[in-house]
Amino acid sequence: MSRNKIKAELWDNMQFYFREYNDATMRSAVFYDGIVDVGVFKKALEETVKNFPIINSRFIRNPIKSYWRINEKFDISDFFEVYETNAANDGDRVNEFITGQINPLKGPQFKAAIFRKTDKGKKTDCIALLFCHMVADGSGFSLFMKALSDTYTNMLKNPDYKCKYHMGDRNYKQFYKYLSDDDKKRATKMTNYRHEKNERLKLPLEQYKEGFKRRILTYNFDGFGVVRKYCKDNGFTFNDVVMSAYLIALMKHIKPEENQSLAFDCVLNLRRYMPADEEVNFCNLVSKVKVSVGNGTGKELRETCAVVHEFMEKSKDNLGGLGGLSLLNLMDRVFPFEIGKILIKIFYENPLIGISNIGKLDKDAVSYGGLNVNNVIMTGAVKYAPYMMLSLITFEDRIYFTIPVACSDGDVKIFEELLGDISELLNAIKKQYR
């Protein structure tokens, strides 16, 4: 590739292929108890983007091989805006921004906004970010957030500070070098990843239509430490408990028949196959494992956790997340871009229901000179009903759940009930440790 081009990796293309199911945009909004220095923030943003050049690019869907073309010019107004709000309209203005999307064909692949609210004479800021999911996953998004916050915080003391973070390796196959030879051979033979018809169940949602409102429904649970204690006492993982609560909530709306099994996709970070101290790179390095646990679960939390835990342990032994990757890579590498798009849609069925634990949000990623955080929204792509995904992050002692979706007004109740049922199950755990 030439100096102003960056190769498009497998998952970059995959995100583009499946735009009809979601908007391929990640977003965050962090609400503070004070204000940032706008001038320093702009300077920090300019400095940080220099080290992540793919952000200042546009996606070129070349019929043979797609790539990212770096823009020759840099204009901070393309990336950043400031809005003055008040107590009455701040929430709506922030929501309007974060339910927006990035157009990868035009770029840039990132936008930031500061919403400065004045309430009874006091000013507070919300820093909202939109980020193209095609250029990186949740870990990559978190890396950029950390880079921007670190650069801003240090520039308050030293205006000439240079961003210390960089994109790193974007090759999606980078984790393979840490697999044993036997596991590499096993992975190349795992070519299948499909949902069978008797597993591909869905919530009773209307099919997406133009004009459906884009929404980000949220619920915050104060008690991450309590859930971790419950896990330790019962031999479960945090993901076991969250997926089990999700499954029980889903079962209230989906009634599998005798020969059916409710299956959903769990997003897995493939960095799990890399050493814990390996540098987090700015790329897409995620895959999925199909969670299918039959139709006889979904009543009691502990019982469901046991079933899910057993399933996930077997998945780990079977190189969870690697199923189908070798086939997808072959199609992406061998066939021209436009033909690969057709073949991948034939061999890779997009799930109807999913869950994504984006992970723990580092306090350094949102500190901005030591400001206190009042609330956080961080989530992945808006899905188009009937596709849906539950996203979550943990920050300090809270779990932040979101459902980003474009759906009808009538379907909102189903999602609100899902979040309500999950919260009820987690609160039941909390009561046990009072």
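Considering helices alone, the calculated mean residue ellipticity of the chain at 222 nm is -10500 deg cm²/dmol, with DSSP H runs of length four and up weighted by -39500 (n - 2.57) and normalised per residue. In the range 316-359, the convex hull through the Cα atoms has an average projected area of 4.4 nm², a quarter of its surface area. Taking 7 Å steps out from each Cα toward its Cβ at Glu96 and Lys173 produces label points 4.7 nm apart. Between Asn103 and Thr188, the modelled label-to-label distance comes to 4.3 nm, taking each label 7 Å out from Cα in the direction of the beta carbon. Per residue, the chain exposes 44 Å² of accessible surface when a 1.4 Å probe is rolled over the protein heavy atoms with every protein chain present. Counting Lys and Arg as +1 and Asp and Glu as -1 over every other residue whose Cβ lies under 13 Å from the Cβ of Cys163, the net charge comes to +1.
The figure for Arg302 is an accessible area of roughly 120 square angstrom, using a 1.4 Å probe on the protein chains alone. The range 85-149 and the range 371-421 have Cα centres lying 16 Å from one another. Just so you know, the Cα atoms of the range 284-386 work out to an Rg and Dmax of 18.9, 51 Å. Assuming charge only on the beta carbon of Lys and Arg (+1) and of Asp and Glu (-1), the dipole of the range 1-116 about its Cα centre is about 780 debye to the nearest 20.
Using alpha carbons only, how many angstrom separate the centre of the range 260-317 from the centre of the range 229-244? Rounded to whole Å, the Cα centres lie 13 Å apart. Free of any chymotrypsin sites (Phe, Trp or Tyr not before Pro) that DSSP assigns to a loop and that have at most 14 other C-beta atoms within 10 Å, the longest stretch within the chain is 75-432.
Mind counting lysine pairs for me in the range 25-91? Cα separation below 20 Å, and the two need to be 8 or more apart along the chain or on different chains. Mind showing how you got there, number by number?
Working: Lys42/Lys50; Lys42/Lys73; Lys43/Lys73; Lys50/Lys73.
Lysine pair count for the range 25-91: 4.
In terms of distances greater than 29 angstrom between alpha carbons, the cross-link table entries Lys162/Lys383; Lys209/Lys290; Lys202/Lys288 yield Lys162/Lys383.
In the range 260-318, which GluC sites (Glu not before Pro) fall in coil by DSSP and have 16 or fewer other Cβ atoms within 10 Å?
Numbers: sites: Glu278, Glu279, Glu300, Glu303, Glu310, Glu313; in loops: Glu278, Glu279, Glu300.
Qualifying residues, ordered by number: Glu278, Glu279, Glu300.
Contour minus end-to-end for Arg272 and Asp317, with contour as 0.36 nm per residue of separation and end-to-end as the Cα-Cα distance? Display every interim value, and only then the final one.
Numbers: separation 45, 0.36 × 45 = 16.20 nm, distance 1.30 nm.
Contour length minus Cα-Cα distance gives 14.9 nm.
For the range 104-176, with all protein chains in place and a probe radius of 1.4 Å, 50% of the accessible heavy-atom surface sits on carbon or sulfur.
How much length is gained on full extension from Glu81 to Ile339, taking 0.36 nm per residue of separation minus their Cα-Cα distance? Write out the running numbers ahead of the final one.
On the way: separation 258, 0.36 × 258 = 92.88 nm, distance 3.92 nm.
Roughly 89.0 nm would be gained on extension.
Contact order, relative form, for the chain: 25 percent (alpha carbon pairs under 8 Å, 6 or more residues apart, mean separation divided by residue count). With distances taken between every two different alpha-carbon atoms, the chain has a Kirkwood hydrodynamic radius of 22.7 Å. What does the charge add up to near Ile35, with Lys and Arg as +1, Asp and Glu as -1, over the other residues with Cβ less than 10 Å from its Cβ? Computed value for this residue: +1. Would you kindly give the portion of the calculated P(r) for the range 1-92 that falls above 17 Å, as a percent of all Cα pairs? Result for the distance tail: 65 percent.
Taking the DSSP bridge list for the range 1-112 and keeping only pairs wholly inside it, about 90 percent are antiparallel. Can you pull the Kirkwood radius for the range 135-177, inverse mean 1/r over Cα pairs, to one decimal in Å? In the range 135-177 this quantity evaluates to 11.9 Å. Between Asn372 and Asn89, the simple spin-label model (points 7 angstrom out along Cα→Cβ) gives 2.9 nm.
The values are calculated or read from the model by the stated rules, or taken from the named source; none is laboratory data. On a predicted model such as this, the values are computed, not experimentally measured, just so you know. A quick note on method: Cβ atoms are made from the backbone with ideal geometry, for glycine too, and the neighbour counts reach across all protein chains shown. All accessible areas refer to the heavy atoms of the entire protein, side chains included, with ligands and DNA or RNA removed. Shrake-Rupley method; radii C 1.70, N 1.55, O 1.52, S 1.80 Å.
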